[in-house]
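Okay, structure first, notes after.
The values are calculated or read from the model by the stated rules, or taken from the named source; none is laboratory data. Note that the structure is a prediction, hence the values are computed from the model and not measured. Cβ atoms come from the backbone with ideal geometry, glycine included; neighbour counts cover every protein chain shown.
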Amino acid sequence: MRHWLSSALWFASPFAVLIVLWAVLIPYLDVNPRLFPHLTSVVEAGIEGIQDGTLIRHVGASLLRVAVGTVLALLIAIPLGVAMGVSPIVSGFLTPLFRFFSVLAGIAWIPIATLWFGYGFGAITFVIFNAVFFIVTYNTLLGVSTIPLQVRNAAASLGAGRWAMLTEVLLPGALPNIVTGIRTGLGFAWRGLIAAEMIATNVGLGYMLFVARDFYKTEVIVLGMIMIGVLWLLLDRLVLAPLERATIERWGMVQRT
C-alpha cells in the first residue's frame, strides 16, 4: 500500500506543479480569458456542468461509444487474428489489405462514415471500430505466430482437439499480445472519438469542445481537454496497464516479483 501510494504521488506530482503554475502565472500575466482561462473559471465550469448534468451527459456518451466500438472490434479482430496466425493462406491473402488499411484506421474514416451512417452514434462507433480492429488483429496474429510449433505439436500429440488447442494453447499464448493491442488500439480510438465527435454528433466531449469554441468559452474548452486526459489516464492506469501487466506475468515471459 505504501509503495502504491508513493508511486501515485510521484505520478501526480508534475500535474500538481502544472496546476500551481497555471493558478499563479495566468492571473499574474493578466492573460485574456478568451485566449486562456483562469483555473477558477475552469473549476466553476466543471461544477456547473455537473450540477446541470451536461458534463455527465457528454462523458457518458463518449464512454459508451468507445465501449461499443471496442467490443465490436474485439469480437471480430481476435478470431480473425487467430485464423491468420494458424493459416498461412489466410495470412498471406489478408496481410496486404491490413497493411493498406492500417494507415487509414481511425480519423481518416470520418468523412465516409458520416455518409454511410449519418451524423450520430453509428458513424462514431464505426470510427472507433476501425481504430481498434486493425491493431488488435495484427497483435493477435503476432501472438499466435510466436507460439512455438513444438508446443502446438505437443498439445496435439496429447489429444488436444481444435477447441482445446484454441482455448488452452493459442489464446493463452497470444493473450499478452492481444492485451497490448487493446491498450494501443484504445489510445488511437480515444483520439478518433474526439475528432469524430467534433463533426458527427451533437453530444460528447469532442462536441463540447467544438461548440465552446464558437462562443469563446475557453474555460469549457480547457475543461473538456482536462476531462479527456483524466478519463484516459484513469482507464489506462487503473484498467489497461494492470491488465497488461497481469497478463504478461501469467502467460508471458515475465515472472511476478
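Identify, please: which residue in the stretch 35-55 is part of a helix (DSSP H, G or I) and within 15 Å of L25 (Cβ to Cβ) and is, among those, nearest to the chain's Cα centre (by Cα)?
For the stretch 35-55, the residue satisfying everything is V42.
For the stretch 181-212, what are the residues that are of a type outside the set (A, V, I, L, M), in a helix (DSSP H, G or I) and touching a helix residue (DSSP H, G or I) at 6+ places or on another chain (Cβ under 6 Å)? Give the derivation first.
Restricting attention to the stretch 181-212, the residues satisfying the condition of being of a type outside the set (A, V, I, L, M) are 181, 183-185, 187-188, 190-192, 197, 201-202, 204, 206-207, 210.
This time we only want the ones that are in a helix (DSSP H, G or I), so: 181, 183-185, 187-188, 190-192, 197, 206-207, 210.
Answer for the stretch 181-212, where residues must be of a type outside the set (A, V, I, L, M), in a helix (DSSP H, G or I) and touching a helix residue (DSSP H, G or I) at 6+ places or on another chain (Cβ under 6 Å): G181, R183, T184, G185, F188, W190, G192, E197, G206, Y207, F210.
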Query raised in the report: How do the pairs read when you match residues in the stretch 188-205 that are surrounded by fewer than 24 Cβ atoms within 10 Å (Cβ to Cβ) with residues anywhere that are modelled with pLDDT under 85 and not polar (S, T, N, Q), using Cβ under 9 Å and keeping only pairs 6 or more apart or on different chains?
Result: F188/A105; F188/G106; F188/I107; R191/G106; R191/I107; A195/G106; A195/I107
Query raised in the report: Do the conditions hold for A160, that is, is it modelled with pLDDT under 90, part of a loop (DSSP other than H, G, I, E, B), surrounded by 15 or more Cβ atoms within 10 Å (Cβ to Cβ) and at negative phi?
Result: yes
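Each row is one residue, and each column tells you yes or no for (1) touching a strand residue (DSSP E or B) at 6+ places or on another chain (Cβ under 9 Å); (2) of a type in the set (S, T, N, Q); (3) surrounded by 14 or more Cβ atoms within 10 Å (Cβ to Cβ); (4) farther than 29 Å from N202 by Cα.
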site: T40; (1), (2), (3), (4): no, yes, no, no
site: I50; (1), (2), (3), (4): no, no, no, no
site: G69; (1), (2), (3), (4): no, no, yes, no
site: F93; (1), (2), (3), (4): no, no, no, yes
site: G118; (1), (2), (3), (4): no, no, no, no
site: V132; (1), (2), (3), (4): no, no, yes, no
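Name the residue, out of G49, G69, G53, that is modelled with pLDDT under 95 and at positive phi.
After applying the criteria, what remains is G53.
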Requested in this report: Quick one: in the stretch 78-126, of everything that is part of a loop (DSSP other than H, G, I, E, B) and within 19 Å of V66 (Cα to Cα), which residue is nearest to the chain's Cα centre (by Cα)?
Outcome: G106
Query raised in the report: Within the stretch 143-157, how many residues turn out to be free of Cβ contacts under 8 Å to residues at least 40 places away in the same chain, part of a helix (DSSP H, G or I) and either among the polar types (S, T, N, Q) or surrounded by 12 or more Cβ atoms within 10 Å (Cβ to Cβ) (or both)?
Result: 8
**Report entry** Within the stretch 16-34, tally of residues that are in a helix (DSSP H, G or I) and either small (G, A, S) or touching a residue at least 24 places away in the same chain (Cβ under 8 Å) (or both)
**Finding:** 2
